[in-house]
Every structure is written in C-alpha cells, then in structure tokens.
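A quick write-up on the structure given underneath.
The values are calculated or read from the model by the stated rules, or taken from the named source; none is laboratory data. The model shown is predicted, which means the values in this text are computed figures rather than measured ones. In this analysis, Cβ positions are derived from the backbone assuming ideal geometry, glycine residues included, and neighbour counts consider all displayed protein chains. Accessible surface areas use protein heavy atoms only, side chains included; no ligands, DNA or RNA. Shrake-Rupley method; radii C 1.70, N 1.55, O 1.52, S 1.80 Å.
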Amino acid sequence: MVGSTAGSMLRGAWRRANLAATAVARPGFTAPTRGLRLRVVDHALHSALPSEAVLRPLYMDVQATTPLDPRVLDAMLPYLVNYYGNPHSRTHAYGWESEAAMEHARQQVASLIGADPREIIFTSGATESNNIAIKGVARFYKSRKKHVVTTQTEHKCVLDSCRSLEAEGFRVTYLPVQKSGIVDLKELEAAIQPDTSLVSVMTVNNEIGVKQPIAEIGQICSSRKVYFHTDAAQAVGKIPLDVNDMKIDLMSISGHKLYGPKGVGAIYIRRRPRVRVEALQSGGGQERGMRSGTVPTPLVVGLGAACEVAQQEMEYDHKRISKLAERLIQKIMNSLPDVVMNGDPKQHYPGCVNLSFAYVEGESLLMALKDVALSSGSACTSASLEPSYVLRAIGTDEDLAHSSIRFGIGRFTTEEEVDYTVEKCIHHVKRLREMSPLWEMVQDGIDLKSIKWTQH
C-alpha cells in the first residue's frame with residue numbers, strides 16, 4: 001500500500017513538473033501521460049514538425065543515467081530564471097544570493113558522505129573528478145612517488161587516466177579481480193610499493209553492481225601511508241558512505257547518477273591529513289584553485305537537492321529496489337534454464353542486475369526487447385561490439401559475455417514495469433533459443449566445449 005501511495009505521489013510530481021516546464025515552453029500544451037509500458041512524448045517541443053505523440057520504451061537503464069527527481073527540478077528552477085547572478089561576483093546581491101545557494105549545496109553534498117563542506121569541490125561530473133584525483137595526485141607527488149595501483153574493472157575514465165600517466169613515465173599496477181568481481185585484499189596490499197602515491201578502486205561497479213570492500217581498502221591504504229581514491233558515482237546516495245569511517249581520501253561523485261542534473265558532479269578531497277592535487281584546468285582559481293571556471297549555480301543547486309533527497313530516502317529506496325530486484329531475478333531464473341548472474345550475489349548493489357543468457361546473442365535480445373530501454377554493459381563502451389572488459393576480467397566465457405544484459409532498477413521503477421520486462425525477456429529468450437543451432441545441440445546432449453570448430 002505504501003509503495004502504491006508513493007508511486008502515485010511520484011507520478012503526480014512528475015506530471016506537475018512536466019506541466020511547469022512545458023507551460024513555459026509552449027502555452028496551452030497538455031503534459032503527456034505515462035502509461036504502464038510506454039512513455040508518451042510530444043516531439044513538437046523540440047521539432048518544427050507537427051505535434052505527434054511518440055511511444056517510448058519504459059526505462060530500465062539507471063546505471064547509464066537517472067531521471068531528474070521533480071523535487072530537484074523545483075530547487076533548480078529559481079536559479080535558472082530569477083537568481084542568475086555569477087556566484088563569484090562579490091560586489092552585489094545577485095552574486096551573494098548565488099554564492100549562498102552554492103555553499104548550501106556544498107553542505108548538502110558533504111552531509112551525505114560525512115565530509116566537511118570545505119572538502120567538496122564542484123566539477124562537471126565523475127569523469128572530471130576521476131581525472132583530477134588520479135592525474136592530480138600522481139603529478140603533485142611525482143618527485144618522490146611514481147606508482148599508482150588500480151583494478152582491471154574500473155570505469156574507462158579511470159583506466160584511461162592511468163594509461164596517460166604511463167605515457168608520462170609513471171608505473172601503474174592493474175590488479176585482477178576474483179571471479180566474484182571483488183579485489184583480493186592480500187594482492188592489493190602486496191601491490192603497494194614504497195613509491196606508491198595512490199590506490200584507486202571503485203565503490204560499486206557500473207556493469208555488474210559488485211560492491212568492493214571499501215572500508216578494508218581504506219584501512220590498508222591508511223596503514224601504508226598511501227592516498228585512497230574511490231569512484232563512487234554508482235554508490236553515492238544509494239548505499240551509506242562515510243569518508244572518515246572508511247578512510248577515503250578522495251571520492252568522485254556524479255549528479256546524473258543520483259536523480260540530479262547532467263553536467264555536474266563533485267570531488268571530495270580530504271583536508272586533514274591534507275591531500276594535495278595539481279589542478280588540470282587553468283583559470284580564475286575558483287573552487288580553492290583546484291577547479292577553475294564559473295560554478296554553474298542551477299546545476300550545483302540540483303546536485304545538492306539530489307543529495308538531500310537521497311539522504312532522506314536512501315533506506316526506503318534500498319528496501320524497495322532490493323524487493324524489485326529479487327522479483328526480477330527469481331522470475332527469470334525460475335522460468336529459464338542456463339541463466340547466470342554476473343558478479344558476487346552477496347557483495348552487490350541490488351539495483352544493478354547483470355544476467356547472461358546462454359546461447360542467446362545479447363545484442364539480438366536487446367533489439368527484440370525494443371520496448372524496454374536496457375543495456376548490454378557500460379554506456380561509455382556500448383558502441384563497441386567487443387565483449388565487456390569487466391566480464392572478461394571476472395573470467396566470464398566469451399560466449400556468455402556476449403549474451404549479457406544489464407537491468408537497472410531505480411527510485412521510479414514500478415513493480416508493473418519489472419513484471420512486463422521479465423515477461424518480455426522470457427518470451428524473447430525462448431524464441432531466440434529455438435532459432436539457435438547451439439541450443440538445439442545442447443538439448444541433444446552435445447558438450448559444446450568438446451567440439452573443435454574449423455574455419456572455412
């Protein structure tokens with residue numbers, strides 16, 4: 001009953017937000033309604049073509065991005081319209097009111113992760129935060145320390161930042177992970193050398209949802225006097241995090257992964273003991289000299305509001321998402337044989353479910369499930385037809401890696417949407433398997449691994 005009441009409240013809020021936004025854009029426009037399976041959008045808002053209602057898939061890809069929470073939009077709107085001052089203008093009220101809003105947002109972000117507001121630096125997103133953390137720390141301490149440790153399953157921007165450091169003469173250790181997706185703490189400790197400046201391990205993996213033992217890694221780094229950075233884009237606002245308890249020195253945060261706006265994020269940089277970073281961007285010295293450029297007030301207000309809402313609703317969201325994830329996994333597993341869940345089932349964020357459907361091509365299944373927005377892995381690498389490097393790192397067979405689908409369950413996902421996705425998924429997997437000669441061979445008792453394939 002609580003779930004349905006919350007659902008109706010959220011749907012009402014979405015409708016109000018749509019009406020508010022579209023009334024400004026086009027007077028007399030009626031907001032589109034959202035059905036069970038397909039969302040209706042009026043393309044005349046951003047098109048010269050005549051108004052036409054277009055059916056859109058339901059959304060199950062919250063690891064790629066999340067919808068803006070209507071409460072976040074409410075907080076942002078005044079700073080998009082009336083309070084447009086530059087927060088760095090010190091000579092008039094327009095600047096002061098924007099600065100006050102920016103500092104309030106800083107407080108909201110800090111409160112969510114147990115930090116001091118002065119330790120929060122606003123950025124354009126987690127990619128920039130990761131770049132500042134990895135390149136900034138490595139370059140600042142390069143005269144004494146030339147080694148960085150990370151894992152093979154990090155986000156692409158972490159791996160690419162490490163590659164660029166290698167080109168500058170740094171040494172980088174890319175730790176393998178266990179079959180569960182979790183890093184071996186003994187291997188991590190053994191990898192730390194006298195000249196290691198930084199260890200970077202993500203909190204929750206964006207493809208398989210595995211939670212790393214962050215507090216234990218923080219303890220190891222602290223005892224070895226090495227800075228610890230974590231990319232927490234998929235974790236902030238979804239699981240409880242405390243930078244002091246977990247001994248985290250740097251943390252990357254993304255706005256659009258926690259129901260905030262796109263184009264804004266933050267990096268937490270510890271003040272005591274002080275972590276120094278070399279700035280990547282030259283300019284007016286904003287954000288304590290670590291990130292020059294005018295802070296976009298509406299976006300950081302949105303990030304702050306998203307963090308406050310997440311703090312208030314984290315427990316409720318987590319319980320609800322866990323229940324929906326369990327429903328999705330059980331229904332699929334009970335109806336289909338040869339389905340594998342990728343990543344550790346216990347140390348796992350429930351809103352990210354990565355399943356491999358043996359003897360089915362993942363891309364074919366995605367195309368069949370065209371009325372559900374899903375992904376076969378990271379949005380950042382989805383243009384490639386190579387199997388996911390994360391799945392390869394956890395030792396998944398190449399054929400299973402090609403057959404994986406990531407289901408994202410978030411704050412606004414409903415039970416009906418989960419049931420519809422499951423029903424469609426089961427139907428199409430069965431249909432595609434019936435077309436597969438490999439499936440037919442397996443049914444006949446042939447061990448595919450024993451076959452020696454030849455090329456013609």
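Side notes on the structure shown:
- Label assignment, Rg and Dmax of the Cα atoms in Å derived from the structure, set (i) 23.4, 80; (ii) 29.9, 110; (iii) 26.2, 86: (i)
- Beta-bridge orientation, region 70-309: approximately 40 percent antiparallel, per DSSP, counting only bridges with both partners inside.
- Estimated [θ] at 222 nm from DSSP helical runs (n ≥ 4, -39500 (n - 2.57)) normalised by residues in the chain, nearest 500: -13000 deg cm²/dmol
- Expressed as a whole percent, the accessible area of the chain that falls on carbon and sulfur atoms is 54 (1.4 Å probe).
- Separation of alpha-carbon centers, region 185-211 and region 282-341, rounded to whole Å: 21 Å
- Surface accessible to a 1.4 Å probe, D195 within the full protein complex, Å²: 40 Å²
- Computed FRET value (nearest 0.05) for R274 with S223, which takes r as the C-beta separation and R₀ as 25 Å: 0.85
- Within the chain, antiparallel bridges make up roughly 60 percent of the DSSP beta bridges whose residues both belong there.
- In plain terms, the chain is cut at each of the trypsin sites (Lys or Arg not before Pro) found in a DSSP loop with at most 16 other Cβ atoms within 10 Å, and the longest leftover piece is 371-451.
- The chain, accessible area per residue, ligands and nucleic acids excluded (1.4 Å, Å²): 47 Å²
- Take the Cβ atoms of K156 and Q281, set R0 to 25 Å, and the FRET efficiency comes out at 0.75.
- Near T127, once Lys and Arg are set to +1 and Asp and Glu to -1 for all other residues with Cβ below 11 Å from its Cβ, the sum equals -2.
- Take the chain and mark each of the chymotrypsin sites (Phe, Trp or Tyr not before Pro) that is in a DSSP loop with at most 14 other Cβ atoms within 10 Å; the longest unmarked stretch, sites excluded, is 85-452.
- Value of Rg/Rh across region 70-309 [Cα atoms, Kirkwood radius]: 0.98
- Under 15 Å, Cβ to Cβ, from F170 - net charge with Lys/Arg +1 and Asp/Glu -1: +3
- Exposed GluC sites (Glu not before Pro) absent: longest stretch of the chain, with sites in DSSP loops and at most 14 other Cβ within 10 Å deemed exposed: 279-456
- E434-Q178 FRET efficiency (beta carbon distance; Förster radius 51 Å; 0.05 resolution): 0.90
- The modelled label-to-label distance between A215 and L448, using points 7 Å beyond Cα along the C-beta direction, is 4.1 nm.
- Within region 111-134: backbone nitrogen closer than 13 Å to the M314 label point (7 Å, Cα to C-beta): 111-115
- Inter-probe distance in nm under a simple model that places probes 7 Å from Cα toward Cβ, at R118 and E168: 2.7 nm
- Taken along its three principal axes, the alpha carbon spread of region 314-438 comes to 44, 30, 25 Å, from the longest extent down to the shortest.
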